[in-house]
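J.: Dropping a structure here in structure tokens format, bear with me for questions.
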Amino acid sequence: MAGASVVRYAEVLDTRFADRFSSWQHGTPVDWAKESNQIAEEVVYGKLPTPLPIESGDVRRCDEGQIAEHWREFDERLGQSYADAALPVIEQQLTKAGARLAMMLNDVWP
């Protein structure tokens, strides 16, 4: 936010992405969740300096603690270049969420 207030930052994002709001408001929450998952796989996890380890076996059995222990060993330090690459995606996803929430609230309380 570079020192901007939350309100000012929201105004900047509104202006930057205003032409995309209507296209973002199509689909369902399930569609949006799938879209977010794809972005996470490609950008958040896909651009890590060290690829994430793939879980083997039955991941539904995490209650026994073996998966938590496995992830405790994974210790990735992210640099500024990773944060800089992620920022545009974070801002776009944040703005999408706001546009979609506004649409849903307007449907409930017209």
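Quick grid of which residues meet (1) in a helix (DSSP H, G or I); (2) at pLDDT 90 or above; (3) more than 13 Å from Thr95 (Cα to Cα):
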{"site": "Ala10", "(1), (2), (3)": "yes, yes, no"}
{"site": "Leu13", "(1), (2), (3)": "yes, yes, no"}
{"site": "Ser22", "(1), (2), (3)": "yes, yes, no"}
{"site": "Glu35", "(1), (2), (3)": "yes, yes, yes"}
{"site": "Lys47", "(1), (2), (3)": "no, no, yes"}
{"site": "Pro53", "(1), (2), (3)": "no, no, yes"}
{"site": "Gly57", "(1), (2), (3)": "no, no, yes"}
{"site": "Cys62", "(1), (2), (3)": "yes, no, yes"}
{"site": "Glu69", "(1), (2), (3)": "yes, no, yes"}
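J.: Follow-up question, since we're still on this one. Being surrounded by 13 or more Cβ atoms within 10 Å (Cβ to Cβ) and part of a helix (DSSP H, G or I) is the filter here; which residues of the stretch 24-33 pass it?
T.: Within the stretch 24-33, Trp24, Trp32 qualify.
J.: Now for a different question. Quick one: what pairs do we get from the stretch 78-95, first residue touching a residue at least 60 places away in the same chain (Cβ under 8 Å), second of a type outside the set (Asp, Glu) and assigned to a helix (DSSP H, G or I), C-beta under 7 Å, 6+ apart or different chains?
T.: Within 7 Å, the pairs are Glu91/Leu13; Gln92/Phe17; Leu94/Leu13; Thr95/Leu13; Thr95/Phe17.
The values are calculated or read from the model by the stated rules, or taken from the named source; none is laboratory data. All of these numbers come straight from a predicted model, not from anything done at the bench. Glycine also receives a Cβ, built like all others from the backbone with ideal geometry; neighbour counts cover every protein chain displayed.
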